[in-house]
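Trainee: Just passing along the structure, written as structure tokens.
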Amino acid sequence: MDELGIRHLFKTTVSPLEITYIKTGQKIVFLGCDDPTKVKSIKFEHGYPAIVWFEELDQFTGMEEIRNLNQSLLRGGDKFWAFYSYNPPKSKNNWVNEEMLIDKPNRKVYHSTYLGVPKEWLGELFFIEAEQLKETKEMAYRHEYLGEATGTGGSVFENVIIREITDEEISRMDKFYYGCDFGYSVDPAAWGKFYVHNNKLYILDEIYQVKLTNKMLAEKIKAKGCREVVTFDSSEPKSIQDMREYGINAMGAKKGPDSVEYGMKYLQDFDEIIIDPKRTPNAAKEFIGYEYEMNKDGQFISRYPDKNNHFIDCARYALEWFIINRRGKLDIAR
């Protein structure tokens, strides 16, 4: 208010912590969220809280907590705005970084850095320190100054590119590969459509849902227009037979000793794994968040955890021919 020369237009109080626009009586109310009852008990003499701003969003426990707060705040009117501001956490599988990958029609994500503001706002020293860190510790610079989720050092897939894949791009693609990992009550069934070109993997479509019977899954696959071979997890031969009877061109993955290890290394060796979060949000979440296992001392070890990897398994099955072919060449070379 001082910078804008408008302090005389407002009344400020400390208890309660509020700013009131004198002309209309509109208020800015500051609340801590450590006690939900503070939010539930909020009342206004006139109007309703049309604008809610969550500062330091990453300090909350997750979207469930945010939804509970919004249910208390965003009511009593017909037009609302909710703002969420935060510095992206370092870990790519932090709930905030994962949430921002979810495309919603009423959501806009805006990313800003110190490079987009006048230097005088921050001072010359700020820019000098930023450049020094860039020279000495680039990853720290990218996280602290550019707001990138650079990871914890345990990411399995460092080659993931999150971007839009256009219909025009897909129209030029010729041969697609399909895989599926069975699931039911807790684990989702994961079906995917893939394209490989110039050592780049494109993830184009997905089915990702719990409590799908084999018949329901088959109907969803057919609805995707998939008539080609789909490679399924071979540990469920009865389910594969069911899929054939339901009209799916199904075959079981061959797997074999160390197939997970070879499959993971094959995926890691792509120059890029290109994922459009609008087309395949669950694939994006899995590939970005998948990290190596940790030992009891909190150190990453070269072992792949068997959790949150349903779509990753689906990708291994779909590309099994490539993996087996490459593995054969490696074995011959040895």
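The values are calculated or read from the model by the stated rules, or taken from the named source; none is laboratory data. Predicted model only: the values in this text are computed from it and were never measured. Cβ placement follows ideal geometry from the backbone for every residue including glycine, while neighbour counts extend to all protein chains displayed. We work out accessible area using only protein heavy atoms, side chains counted, and drop any ligands, DNA or RNA first. Shrake-Rupley method; radii C 1.70, N 1.55, O 1.52, S 1.80 Å.
Trainee: Across region 95-172, how large is the tail of the calculated P(r) beyond 17 Å, expressed as a percent of all Cα pairs?
Mentor: Tail of the P(r) past 17 Å holds 65 percent of the pairs.
Trainee: Shifting gears a bit: Sort Ile19, Ile51 by accessible area with a 1.4 Å probe, largest first.
Mentor: Sorted descending by solvent-accessible area, the residues read Ile51, Ile19.
Trainee: Tell me, Kirkwood radius of the chain from alpha-carbon pair distances, in Å? Before the final figure, lay out each step's value.
Mentor: Values: mean 1/r = 0.0421 Å⁻¹.
Evaluated on the chain, it is 23.8 Å.
Trainee: What is the magnitude of the charge dipole of the chain about its Cα centre, with +1 placed on the Cβ of each Lys and Arg, -1 on the Cβ of each Asp and Glu, and no other charges, expressed in debye to the nearest 20? Numbers along the way, then the final one.
Mentor: On the way: 46 positive and 53 negative charges, 202 e Å.
For the chain, the charge dipole is close to 960 debye.
Trainee: Hey, any idea what % of region 196-334's accessible area is carbon plus sulfur with a 1.4 Å probe?
Mentor: 48
Trainee: I'd like the distance separating the alpha-carbon centroids of region 228-261 and region 146-224, in whole Å.
Mentor: Each part reduced to its Cα centre gives a spacing of 17 Å.
Trainee: Keeping all protein chains in place and using 1.4 angstrom, which order do Lys43, Lys307 fall into by accessible surface area, from largest down?
Mentor: Solvent-accessible surface, decreasing: Lys43, Lys307.
Trainee: Considering the dipole of region 80-219 built from charges on the beta carbon (Lys and Arg +1, Asp and Glu -1) around the Cα centre, which of Leu101, Val186, Val196 is farthest to its positive end?
Mentor: It is Val186, whose Cα lies furthest towards the positive end.
Trainee: Let me ask another. Helix 320-333 sits at what angle to the longest principal axis of the chain, using alpha carbons and giving 0 to 90 degrees rounded to 10?
Mentor: Here the helix axis deviates by roughly 70 degrees.
Trainee: Using Cα atoms only, what is the angle between the long axis of helix 124-136 and the major principal axis of the chain, expressed in degrees (0 to 90) to the nearest 10?
Mentor: Relative to the chain, helix 124-136 is tipped by roughly 20 degrees.
Trainee: When the chain is modelled as a GNM with alpha-carbon springs shorter than 10 Å, which of Lys92, Lys38, Lys265 fluctuates the most?
Mentor: Taking springs between Cα atoms under 10 Å, the residue moving most is Lys38.
Trainee: Further, regarding this structure: Provide, in order from the shortest bin, the percent of all Cα-Cα pairs of region 221-334 in each 5 Å bin, continuing until the bin that contains the maximum pair distance.
Mentor: Taking every Cα pair in region 221-334, the percentages come to 2, 10, 16, 20, 20, 17, 10, 4, 2, 0.
Trainee: In a Gaussian network model over the chain where Cα atoms closer than 10 Å are linked, find which of Ile165, Ile273, Ile66 has the largest mean-square fluctuation.
Mentor: Answer for the Gaussian network model of the chain: Ile66.
Trainee: Further question on the same structure: For His197, what accessible surface area do you get with a 1.4 Å probe? Give it in Å², rounded to 10.
Mentor: Surface open to solvent at His197 totals about 90 Å².
Trainee: Quickly rank 280-293, 200-213, 310-323 as a protection proxy: mean count of other C-beta atoms within 10 Å, highest first.
Mentor: Details: 280-293: 21.3, 200-213: 18.4, 310-323: 23.2.
Highest to lowest by the protection proxy: 310-323, 280-293, 200-213.
Trainee: Then there's this: Report, to the nearest 10°, how far helix 259-268 tilts away from the longest principal axis of the Cα atoms in the chain, using its own Cα long axis and a range of 0 to 90°.
Mentor: The angle comes out near 50 degrees.
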